[in-house]
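Asks: Please find one structure pasted underneath; my questions will follow.
What follows is calculated from the coordinates using simple rules that are stated; it is not laboratory data. Because the structure is a prediction, the values reported are computed rather than measured. Cβ coordinates were reconstructed from backbone atoms using ideal geometry, including for glycine residues, and neighbour counts include every protein chain displayed.
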Amino acid sequence: FYRILITPNGPQVIDEQEIGEPVLQGAGQAVFSPDGSKYVIFNTISADVGLYLDIYDFDRCTGLLSNPVKMHFSHDGGSGGVAISPNSRYLYHSSGWYIYQFDLWAENIESTRDTVAVYDLNIDWFPTTFFSAQLAPDGKIYVICPNSVPVMHRIKYPNKAGDACTVEQHSIRLPTLN
């Protein structure tokens, strides 16, 4: 990982940090928590290798990562993404046919995995499965589909645990194919 200091004169590479297991390159997404305390990387490598999440504590003042947590998953329907709730507590991992929620405040993050959505087999031109996710300024998390469809999904209450987060599949109609 490169540590980069952003100054009024522009970005400046400070140094590199090696931590945890090597980060394999694949399709995925990375995100910082809104409070800046966590950095999460999701990667899909291949059907053989599977999917994994890397979760780090992040020090905003030094730019250093610490306390790596690596979670491996079987390949369950495709690539996906990650987003973190506005209160920085819940990590959402979208992965093809599923959306999982993890509690980042727990001692054992992996043990808190909760399936909050299962793809409902909706087809709108193509399957409307789960792909990249993004926390929006309105405090909701939006999840796109991995192919040309005119819809997106929404996590309406991402600060709430379990099913109370309310995943609304294909609830946002787009004016064109995504």
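Asks: Placing +1 at every Lys and Arg Cβ and -1 at every Asp and Glu Cβ, with all other atoms neutral, what dipole size does the chain have around its Cα centre, in debye to the nearest 20?
Replies: Numbers: 11 positive and 19 negative charges, 114 e Å.
The dipole of the chain has a size of about 540 debye.
Asks: How much net charge surrounds D54 when only other residues with a Cβ under 9 Å from its Cβ are counted (Lys, Arg +1; Asp, Glu -1)?
Replies: Working: positive: K70; negative: E21.
For residues surrounding D54, the net value is 0.
Asks: How high is the relative contact order of the range 80-178, in percent, with contacts defined as C-alpha pairs under 8 Å that are six or more residues apart?
Replies: Numbers: 251 pairs, mean separation 22.7, N = 99.
The normalised contact order for the range 80-178 reaches 23 percent.
Asks: For E16 and A136, FRET efficiency with R0 = 30 Å and r from the beta-carbon atoms, rounded to 0.05? Each step should come with its number before you reach the end.
Replies: Working: r = 32 Å, r/R0 = 1.08.
Rounded to the nearest 0.05, the efficiency is 0.40.
Asks: Hey, another quick one. Report the one residue of C145, G36, I109 whose Cα lies farthest in the direction of the positive end of the charge dipole of the chain (charges on C-beta: Lys and Arg +1, Asp and Glu -1; origin at the Cα centre).
Replies: Going by the Cα projections, it comes out as C145.
Asks: Right, next: Can you tell me the length gained on complete extension of the stretch T176 to W105, counting 0.36 nm per residue apart and subtracting the Cα distance?
Replies: On the way: separation 71, 0.36 × 71 = 25.56 nm, distance 3.87 nm.
Length gained, T176 through W105: 21.7 nm.
Asks: Using a Gaussian network model of the chain with C-alpha springs under 10 Å, which one of S95, S79, S66 is most mobile by mean-square fluctuation?
Replies: Comparing S95, S79, S66 in the GNM, the peak value goes to S66.
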